[in-house]
Amino acid sequence: MIGVLTAVGGGVIRDLLVTEIPRVLREDIYAVAAIIGAGLVILGDHLGWPPLITTALALTATFAIRVLSVWLGLRIPRAP
């Protein structure tokens with residue numbers, strides 16, 4: 001949860017400093033990537049994976065999801 005809050009909070013601060021609408025409030029896959037990364041850390045801890053492996057997996061997955069979402073133009077659905 002702290003990882004998600006840090007990722008989202010940092011992005012909001014960045015966007016506000018450059019006077020843009022925060023990306024997390026639009027349809028970008030931003031918080032979703034952070035939630036998946038945090039979930040992988042929880043899963044790795046629960047399954048007893050070594051911390052280095054867990055961290056590397058979560059970091060790689062979060063980065064890959066975010067980069068692919070920007071590269072492919074993926075968006076989360078907006079409420080009507």
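Only helical DSSP H runs with n ≥ 4 go in: add -39500 (n - 2.57) per run for the chain, normalise by residue count and round the 222 nm mean residue ellipticity to 500 deg cm²/dmol.
Numbers: 3 runs with 55 residues, N = 80.
Calculated from helices alone, the mean residue ellipticity at 222 nm is -23500 deg cm²/dmol.
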Handout entry: Rg [Å, one decimal], Dmax [Å, integer] - the chain, C-alpha atoms
Key = 13.9, 43
Exercise for the section: Could you work out how far the C-alpha centroid of the stretch 33-80 sits from that of the stretch 1-20, in angstrom? Expected result: 17 Å
Completion exercise
In Å², rounded to a whole number, the accessible area per residue of the chain with probe 1.4 Å is 73 Å²
Handout entry: Inter-site label distance for residue 25 and residue 76 at 7 Å from Cα along Cβ, in nm
Key = 1.5 nm
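If you keep only loop residues by DSSP, which trypsin sites (Lys or Arg not before Pro) in the stretch 37-80 have at most 10 other Cβ atoms within 10 Å of their Cβ? The partial results should precede the final answer.
Working: sites: 66, 75, 78; in loops: 78.
Those that pass, being in a loop and sparsely packed, are 78.
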Exercise for the section: Would you work out the relative contact order for the stretch 1-74, in percent, from Cα pairs under 8 angstrom that are 6 or more residues apart? Expected result: 29 percent
Fill in the blank from the handout: To the nearest 10 degrees, the tilt of helix 51-72 (Cα long axis) against the first principal axis of the alpha carbons of the chain is 30 degrees
Completion exercise
With +1 on the Cβ of every Lys and Arg and -1 on the Cβ of every Asp and Glu, the dipole magnitude of the chain about its Cα centre, in debye rounded to the nearest 20, is 160 debye
Fill in the blank from the handout: At R0 = 25 Å the Cβ-Cβ FRET efficiency linking residue 61 and residue 13, nearest 0.05, sits at 0.55
Problem - Share of carbon and sulfur in the accessible heavy-atom surface of the chain [1.4 Å probe, %] - result: 75 percent
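The values are calculated or read from the model by the stated rules, or taken from the named source; none is laboratory data. Bear in mind that the values here come from a model prediction, so they are computed numbers and not experimental data. Virtual Cβ from ideal backbone geometry, glycine too; neighbours counted across all protein chains shown. Accessible surface is based on the protein model in full, side chains and every heavy atom, while ligands, DNA and RNA are left aside. Shrake-Rupley method; radii C 1.70, N 1.55, O 1.52, S 1.80 Å.
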